[in-house]
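**Q** This is the structure I want to talk about, given as structure tokens.
The values are calculated or read from the model by the stated rules, or taken from the named source; none is laboratory data. What you are looking at is a predicted structure, and each value in this text was computed from that prediction instead of being measured. No Cβ is skipped: glycine too gets one built from the backbone with ideal geometry, and neighbour counts run over all protein chains shown. Areas reflect the complete protein model, heavy atoms only, side chains present, ligands, DNA and RNA absent. Shrake-Rupley method; radii C 1.70, N 1.55, O 1.52, S 1.80 Å.
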Amino acid sequence: MGSQEVLGQAARLASSGLLLQVLFRVITFVLNAFILRFLSKEIVGVVNVRLTLLYSTTTFLAREAFRRACLSGSTQRDWSQTLNLLWLTVPLGVFWSLFLGWVWLQLLEVPDPDVVPYYGTGVVLFGLSAVVELLGEPFWVLAQAHMFVKLKVIAESLSVILRSILTAFLVLWLPLWGLYIFSLAQLFYTSVLVLCYVIYFTKLLSSPESTKQHTLPVSRITDLLPSFTRNRDFVNWKEAKLTWSFFKQSFLKQILTEGERYVMTFLNVLNFGDQGVYDIVNNLGSLVARLIFQPIEESFYIFFAKVLEREKDATLQRQEDFAVAAMVLESLLKLALLAGLTITVFGFAYSQLALDIYGGAMLSSGSGPVLLRTYCLYVLLLAINGVTECFTFAAMSKEEVDRYNFTMLALSSSFLVLSYLLTRWCGSVGFILANCFNMGIRITQSLCFIYRYYQESPHRPLAGLHLSPVLLGAFALSGGITGVSEVFLCCDQGWPARLAHITVGAICLGLTLGTAFLTEAKLIHFLRTHFGVSKVADKMT
């Protein structure tokens, strides 16, 4: 498969994922806004910080390294060994679930049962839901490796929507159930997610025409189960060693990703109510990152991993693939920079209005607007880091990955210390400032790697981080106009003034995007060429 074909598949995966996630996220956004009006800040804090941290830590530590290792390289491999390796995530998940569950029950502060009932049951069921989700890991990796465009997005979005519907129903009719509601909904979510993958592959493998069309390495659903053969090793040891390297890295990355929740959980710098408000704002602020940046990062990590050979020096790569990778990286950096700047500039003037619409006075008063404005700056860094690390992790050799682990260790330590100090100094905003600092360091590390990687070639993908002065001026002017509009029109003067404020923002946004369209012709050509043609192949799954 040539680099252009792989690029086309990655673009289809990203664009299809983007459109479907926007549709499903709008539905869950409305459902969550409804649910928030029936909950206390304390329950939101325990569920969204304490219990969700247990679930995410278990799944991340059990599978992240396996995903990165098994998605690297060609699809032409001994898939039985790869699948055997992936099934090891289940016993690893059981271990982490039991160990972390004990920590959550025995070592951490237990919420007041009168305010947050059934905490122990919540810990058990959230840990169990993590193990259930790991049962679908072999299916997930096989689908990603063969770029099944819609399966992942539909399965995850459908599961999220059904979970939100179940949660809304239970909150409305059985509010005294407390954490039972969210624990059962989480277990239901992971069960539906795994069933979607199992049902899809069962139907696909029962159709001979579909099997030939997708050239899958398995012919029966039982081929996805662990298998033992005397003639070969149980796993591919090269993949296993790479998994270990990524595991050391992923452990540190998890601290960076969820660091503020660890600080809140283990150091008690915020009460459960403040944790709840912070997490709601954090989720709302990261919504665009999950909708836009995550599908692009996941899809183009696969692209870079396929067209670049990990253990080869840049000068030994196939020059056609090498050039295509540089062109794609430059365009993605430009896209991430423009999207991040747009969110930062316009998010500053519309944070309070967004919080008021989403959660009412509980969010729009107090520290909520300041948190969301600060988070908009973090989204800019998040966008750039997603692209740079997606390339870096795909192109690094095993030795370079190991060396990078030491940098991640230093970042993890500094992040925890900085989070604690900044939170003591300026409250929950300190978490976001600490994230910004560490994200800046991670971006710098990745940019240095990319610069060295292309140093001996005529390609300069880092040019994607340069914007024309005209476009920068348009962003600055829009930020000033919308800032003045917020002062005079938002947010306590009624809906006519709010609508006027929204209209001002829409006009400024249109003019800014129009300027980008005129000044960034190379990026527009890339988007039209590789994302605009994706509709033809949306039939793939």
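**Q** Looking only at the stretch 469-490, which residues are over 31 Å from the mean Cα position of the chain (by Cα), touching a residue at least 12 places away in the same chain (Cβ under 8 Å) and within 16 Å of residue 351 (Cα to Cα)?
**A** Scanning the stretch 469-490 gives 481, 485, 489, 490.
**Q** Going through the stretch 33-54 one residue at a time, which ones are open to solvent by 30 Å² or more (accessible area, probe 1.4 Å) and in contact with a Phe, Trp or Tyr (Cβ under 8 Å, 6 or more places away or on another chain)?
**A** Within the stretch 33-54, 41, 42, 52 meet the criteria.
**Q** So which of 441, 481, 450, 507 ends up being under 22 Å from residue 385 (Cα atoms), open to solvent by 50 Å² or more (accessible area, probe 1.4 Å) and of a type in the set (A, V, I, L, M)?
**A** Going through 441, 481, 450, 507 in turn, just one is under 22 Å from residue 385 (Cα atoms), open to solvent by 50 Å² or more (accessible area, probe 1.4 Å) and of a type in the set (A, V, I, L, M): 441.
Okay, residues lined up against (1) modelled with pLDDT of 85 or more; (2) in a helix (DSSP H, G or I); (3) surrounded by fewer than 22 Cβ atoms within 10 Å (Cβ to Cβ):
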residue: 363; (1), (2), (3): no, yes, no
residue: 366; (1), (2), (3): no, no, yes
residue: 372; (1), (2), (3): yes, yes, no
residue: 377; (1), (2), (3): yes, yes, yes
residue: 389; (1), (2), (3): yes, yes, yes
residue: 394; (1), (2), (3): no, yes, yes
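**Q** Does the stretch 421-434 contain at least one residue that is buried (at least 16 other Cβ atoms within 10 Å of the Cβ), among the β-branched types (Val, Ile, Thr) and farther than 28 Å from residue 299 by Cβ?
**A** Checking the stretch 421-434: at least one residue is buried (at least 16 other Cβ atoms within 10 Å of the Cβ), among the β-branched types (Val, Ile, Thr) and farther than 28 Å from residue 299 by Cβ.
**Q** If you go through the stretch 83-94 one residue at a time, do you hit one that is within 19 Å of residue 138 (Cα to Cα), at pLDDT 85 or above and surrounded by fewer than 16 Cβ atoms within 10 Å (Cβ to Cβ)?
**A** Yes, the stretch 83-94 contains a residue that is within 19 Å of residue 138 (Cα to Cα), at pLDDT 85 or above and surrounded by fewer than 16 Cβ atoms within 10 Å (Cβ to Cβ).
For (1) open to solvent by 10 Å² or more (accessible area, probe 1.4 Å); (2) modelled with pLDDT of 90 or more; (3) within 21 Å of the chain's Cα centre (by Cα), each residue gets a yes or a no:
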position	(1), (2), (3)
133	yes, yes, yes
163	yes, yes, yes
184	yes, yes, no
205	yes, no, no
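**Q** Residue pairs, Cβ under 8 Å, 6 or more apart or interchain, first in the stretch 111-128 and closer than 13 Å to residue 181 by Cα, second in a helix (DSSP H, G or I) and β-branched (Val, Ile, Thr). List them.
**A** If the second residue must be in a helix (DSSP H, G or I) and β-branched (Val, Ile, Thr), the pairs left are 116/43; 116/46; 119/46; 122/46; 122/47; 126/52.
**Q** Output the residue which, of all residues in the stretch 447-468 that are free of Cβ contacts under 8 Å to residues at least 24 places away in the same chain and assigned to a helix (DSSP H, G or I), is farthest from the chain's Cα centre (by Cα).
**A** Among residues in the stretch 447-468 that are free of Cβ contacts under 8 Å to residues at least 24 places away in the same chain and assigned to a helix (DSSP H, G or I), the one farthest from the chain's Cα centre (by Cα) is 452.
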